[in-house]
Amino acid sequence: MGQQAMTYIPEENKYEVLKLKNLIEKLRWGIEYSDFLTPFAIKYAVEVLLKNQNHILHKSWGGYVGSERNILALFSRDFEEYVENLTYPIQKILIEAKNNLSHRQILGSLIGNGLKRDKIGDILVKENSALVFVKDEIATYIVTNIDKIGKVNVKCSLIENNQIDINWFINNNSKRIVFTVASLRVDSVISHGFGISREEATDLIRQMKVAVNWIYIDKPSYPVKEGDLISVGHHGRLKIDKVLTQTKKGRISIEVLRFS
């Protein structure tokens, strides 16, 4: 099956795609940085918006290797020599509390304080602390003004590059599960991966709530493979880490990482 074209733009991504179009049109010379973008928007920018813009080069970074939300750096070819030393407008903020924190609480509090979602990158939570990647322009505001997440008192501080081990936060983010399927159809993998019925999985796919490697699909029979990342609206993501051996009954055993 060939690569599916990126023709469908979900409602929640339309604004960031529009902003990207404007940024690309604006770039004549030098470097421009986007706000934090979803993986869908970056993939759309690279495969659609920048496809025939041969004078514009691009790189992306979200503050650590493997980040989900990233800033896209766009630059003209005459700036190519500076690319290795790009300074992305990203700051890291450590949030510490006496109680456990959740991603949803933190994001809700930041947005509740008037901050826009596209100024906030990934939020890595582990127990009673969190690492939040933000645009330069809002970092001081957060550190100065935010002392509560929900009803929990917190301390927010700016972190320099080598002050903290990011891996300590990253390793908390997924759950490894193993199950068997009759075939590597996306509906079957979603059903087993999230513990929902096959019918529910099919409905989510038909409603365009499922993306494989950030491309939205509408066929329950869409085949997935080792290394694929499946995103499911309101459920989370599954990464097919390993396709293991077939069982005696011909079923396929697979190992996935589930991110919620």
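The values are calculated or read from the model by the stated rules, or taken from the named source; none is laboratory data. Not measured: the values here are computed from a predicted model. With ideal geometry, Cβ positions are generated from the backbone for all residues, glycine too; neighbour counts draw on all protein chains shown. Ligands, DNA and RNA are stripped out before the accessible areas are found, and what is left, the full protein with its side chains, is counted by its heavy atoms. Shrake-Rupley method; radii C 1.70, N 1.55, O 1.52, S 1.80 Å.
Expressed as a whole number of Å, what is the distance separating the alpha-carbon centroids of region 187-223 and region 91-146? Cα centroid to Cα centroid, the span is 31 Å.
Ordering Asn85, Ala41, Ile56 by the projection of their Cα atoms onto the charge dipole of region 34-100, which places +1 on the Cβ of Lys and Arg and -1 on the Cβ of Asp and Glu, puts Ala41 at the extreme positive end. Hydrodynamic estimate: the Kirkwood radius of the chain over Cα pairs, inserted into Stokes-Einstein at 4 °C and 1.567 mPa s, corresponds to D of 64 µm²/s. Per-residue Karplus couplings for region 235-244, computed as 6.51 cos²θ - 1.76 cosθ + 1.60 with θ equal to phi - 60°, are listed in order as 10, x, 10, 10, 10, 6, 7, 8, 9, 8 Hz, Gly and Pro entered as x. For the chain, the mean residue ellipticity at 222 nm estimated from helices alone is -6500 deg cm²/dmol, where every DSSP H run of n ≥ 4 contributes -39500 (n - 2.57) and the total is divided by all residues, rounded to the nearest 500. Relative to the compact-globule estimate of 2.2 N^0.38 Å, the Cα radius of gyration of region 27-95 comes out at 1.14.
Taking every alpha carbon pair in region 63-118, what does the distance histogram look like in 10 angstrom bins from 0, in percent? Computed distribution, short to long bins: 15, 38, 27, 15, 5, 0. On a per residue basis, the chain carries 55 Å² of accessible surface, using protein heavy atoms and a 1.4 Å probe.
Relative contact order of region 30-182, taken over Cα pairs closer than 8 Å and 6 or more residues apart, is 24 percent. Only Cα pairs under 8 Å and 6+ residues apart enter the sum, and on that basis the relative contact order of region 102-253 stands at 15 percent.
Treating each Cα of region 1-156 as an identical point scatterer and summing with the Debye formula, the log10 of I(q)/I(0) at q = 0.12 Å⁻¹ comes to -0.58.
From the convex hull of the Cα coordinates of region 154-260, what is the mean projected area in square nanometres? For region 154-260, averaging the hull's shadow over all directions gives 8.9 nm².
Over region 1-82, calculate the relative contact order: mean separation of alpha carbon pairs under 8 Å at least 6 apart, over the residue count, as a percent.
Result for region 1-82 is 35 percent.
Counted over all Cα-Cα pairs of region 79-202, pairs farther apart than 20 Å make up 56 percent. Pairs with C-alpha atoms separated by more than 21 Å, drawn from the list Lys43/Lys209; Lys14/Lys148; Lys19/Lys51; Lys21/Lys239; Lys14/Lys126, are Lys14/Lys148; Lys21/Lys239; Lys14/Lys126.
Computed over the Cα atoms of region 98-137, pair by distinct pair, the Kirkwood hydrodynamic radius stands at 10.5 angstrom. All distinct Cα pairs of region 173-231 go into the 1/r average, and the inverse of that average, the Kirkwood radius, is 11.6 Å.
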